[in-house]
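Working notes, beginning with the structure itself.
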Amino acid sequence: MVSHILKDCGDNVINMLTDALDAGLSVLDKDLTIIWVNKTLPNMLNLHYNPVGRKCREVYACECQDSRHCSVLQALSTGKKTSNEIQLITESGVRKYIRNITTPVRDGGNNIAYLLKVSLDITQQEEKVRRISLLRKFAEVMQGMLQIDRLLHLALTCVTAGSALGFNRARLFLVDKEQNVIYGKMAVGPSSLEEANKIWSEIAHKNENLDDLIDASEKTRHYDTPLHKTTRLMAFSLTDEKEIIVSCVKTKKMILERNAFSNDQIDKKFVNAVGVNEFICVPLVVEGDAIGAICADNAYNRKPITEEQVELLSIFASRVALAFANAETYRKLWEKNQQLKETRERLIRSERLAVIGNMAAYIAHEIRNPLVTIGGFARILMREYADHKKVKQHTEIITEEVNRLEKILANIMDFSKPIETLKTSIQINELLENTCCLMGPYLKSAHIQVSKKFDPSIPKIIVDQTQMKQVFLNLIKNAAESMTQGGKLTVESMTEDEYIKIDFTDTGEGMTPEILQNLFTPFFTTKVDGTGVGLAVSQKIIDDHNGFIKIKSVPKEGTTFSISLPIKNVTA
C-alpha cells in the first residue's frame, strides 16, 4: 500500500521524507562524484555551496586515500555496507564528528551502480565521551601533582578548555580561616571580547588533548593577566552570607545564578566584581570542610550554562579539592621535614662546636704555659743583650710571635667558653646604628664608605643584645677586611615574610664556591692572622635565636651576608 502511495505522490513525497530525516543523505556514482543530496546534509556540514557534482572528499574533507578509514572506498571494494567516523572542521570553523554509513546500490546485473551515503551528526555524543575521558585523565594527573599553584592553574585550564568544560572564564577562591575571609587565589580566561575571539580563532583547528592542555597551562601559568590581577584583589568576609561566594562555601552546595543583577536576595559586591548576570559557584569540599570554591561563567560568548556543564563541574571540583588536599598535606610534610633537617644540622653544629671548644680549651691551656715561659725568657734576653744588635733583633721577633700566639689563644679560649644568653626586646635598627658608629673610625681609616638603609617600620624583636652586637661586629670587620683598597659597605634592614632581614653588602674581593662551602667551619680562615672562629660563633648565635644566615658572593664583585631573625616573639 505504501508503495502505491509513493508511486502516486511521486518525487515530492520522497524528497519530503528524506529532508525530514535527522540524517544527511547523498548518492555517489562509482567515480565518487555526488549526484544527489537531501537538504539536511548541507546544513549538517555547514556548506555554503551545492555539493552536487563535487567529489566526495571535497565535501566531507576526507582524502579517501586509505580504504581502512573510508566507508565509501570500503563499500566500493567489498560490495558491503560499511561505516566509519570522521572528524572535520566545517567552512565556518566548527568541529564536527560524523558517522558515515555507505551502502552499495546494485543494478539489474548485480553490479554496483551507486553508493548511498548516510551521515549522522554524533558531535554531541562524541564530545561528551571525549570530555568525560579528558576530565578523568585530568583528575588522574592532578592527583600526582604536588605543586599547589601548578595544580590549581591546571584545574582552571580544564574548566575553560573548549574540549573539556568549555567555560569562558574561571576563578578559584580559597578560605582563610585565620582572617575569616574567602579570597581570590587565581583566574584563567580572556580579559576582553577581543582576546576571547583571538583565542577561539587560534584553537578552532586544534584538537586539544591532555598533553596540549597541560602544555598550555605550563606556558601561561606565570602570566599576570588582568583577569588574574582583579581576582587576586577580591576578598569577602565569611560573615557576609548573602554574598554568593560566601553562601557557596558556607552551605557547601553548588549555586547556579542565572539572573544575578536582578536577584534581590543576594548582596551585589561579588556579583559586581564578577561582572556577569549568569555564573556558577561550586565549593571545594574536603572531608566535610569547604576549603574554597570555583566560579565559572560565559562572559563573552553569552551561552547559557548547560546542565551537563553543571554536573561535570561539580564532579570535577570534588577531584580538584582532593588533589589540593593531597598537595597541601605534602607541602606540610615537606616543611616539617625541612624543619627537622635544619634542627638536625643545628644540633650537629652545636655538638661539633662543643667538642671543638673543649679540645681548643685543653690545647690552649697546655700551650699557654710553655708559651709564657718562652715569652718571659725572650724578654730577659732582650734586656740582657740590648746592646747586641743581632740578638735583640731575633728576640724581638720571638716576642712578637709569642704575642701573636697569645692573641690567638685568647680568641680560642673565648670560643670555648659557654655563651650566656640574656634576651631582651630591642629595636634592631638602634643596635645596628650603635654598631656602625662604633666601627666608624675603623671604617673611615680603611677608606670605606658606609650606607645605612634601615626600615623604620620593622617591629621590635627579642634578642641577646651583646651576642647580636658581636655578630654585627664580626660581619662588618670581615667586610672591611675584604676591601683592601677601600670600597662601600651597605647595611640594610627590612621585613621579609615573618622575619627581620639584615643585609651586609660589601664591594670587596668576593669568595669562590670552595671558600663559601667551608666558611662556617671552625678554624677555617683565609686570613694570614685569622683564627677562623668568628663566623662559626656568629652562626651559632643566630641559630640560638632561631634565625639563619645566607651568603651571596661573586669573585671580584663583592659579598652579601644576610641575617634573618624571626618576628614571632614580637612585643607590643
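Each reported figure results from applying straightforward, stated rules to the coordinates on display, with no laboratory input. What you are looking at is a predicted structure, and each value in this text was computed from that prediction instead of being measured. Every residue, glycine among them, receives a Cβ derived from its backbone with ideal geometry; neighbour counts consider all protein chains shown.
Sort 69-75, 173-179 by packing, meaning the average of other beta carbons within 10 Å per residue, with the highest value first.
Packing proxy ranking, top to bottom: 69-75, 173-179.
From the phi angles alone, apply the Karplus equation (6.51, -1.76, 1.60; θ = phi - 60°) to the range 104-114 and give each ³J(HN,Hα) in whole Hz, x where the residue is Gly or Pro.
These are the phi-based 3J(HN,Hα) values: x, 10, 9, 8, x, x, 6, 9, 5, 9, 9 Hz.
Compute the orientation-averaged projected area for the range 436-488 from the convex hull of its Cα atoms and round it to one decimal in nm².
Orientation-averaged projected area of the Cα hull: 4.1 nm².
In what sequence, highest mean first, do 446-456, 104-114 appear when ranked by Cβ atoms within 10 angstrom?
Answer by packing, highest mean first, reads 446-456, 104-114.
What does the charge count near S247 come to, summing +1 for each Lys or Arg and -1 for each Asp or Glu among other residues with Cβ under 11 Å from its Cβ?
Local charge sum for S247: -1.
Straight-line reach only, C-alpha to C-alpha below 16 angstrom: list the lysines that K80 could link to, leaving out same-chain residues fewer than 8 apart.
Filter leaves K30, K117.
Modelled label-to-label distance, E335 and T123, 7 Å Cα→beta-carbon offset: nm?
If labels sit at E335 and T123, their model points lie 4.9 nm apart.
Could you pull out the trypsin sites (Lys or Arg not before Pro) across the range 289-347 that fall in loop regions by DSSP (anything but H, G, I, E, B) with no more than 13 other Cβ atoms inside 10 Å?
Passing both the DSSP loop test and the Cβ count: R302.
What order do you get for 187-195, 501-509 when each peptide is scored by the mean count of other beta carbon atoms within 10 Å, highest first?
My ranking of the peptides, most packed first, is 501-509, 187-195.
When we measure straight from the Cα of K341, which lysines land under 19 angstrom away, once same-chain ones fewer than 8 places off are left out?
K332, K540, K550
I'd like the FRET efficiency for I426 and T560, computed as 1/(1 + (r/R0)^6) with the beta carbon distance as r and R0 of 30 Å, rounded to 0.05.
0.80
Of the cross-linked pairs K242/K269; K96/K128; K423/K568; K469/K552, which ones have a Cα-Cα span greater than 18 Å in the structure shown?
Pairs exceeding the cut-off: K469/K552.
Taking the Cα-to-Cβ direction at K229 and at T90 and moving 7 Å from each Cα, how far apart do the two end points lie in nm?
In this crude spin-label approximation the distance works out to 3.9 nm.
If the chain between E481 and H447 were fully stretched, how many nm would it gain, using 0.36 nm times the residue separation less the Cα-Cα distance?
Working it through step by step, the gained length comes to 11.1 nm.
Where both residues lie in the range 437-512, what percent of DSSP beta bridges are antiparallel, nearest 5?
55 percent
Taking the Cα of K550, stepping 7 Å toward and past its beta carbon, and measuring to each backbone N in the range 494-517: which are under 15 Å?
Zone members listed by number: 494-505.
How far, in nm, would the chain grow between T495 and K55 when pulled straight, counting 0.36 nm per residue and subtracting the alpha carbon separation?
Here the segment from T495 to K55 would lengthen by 151.1 nm.
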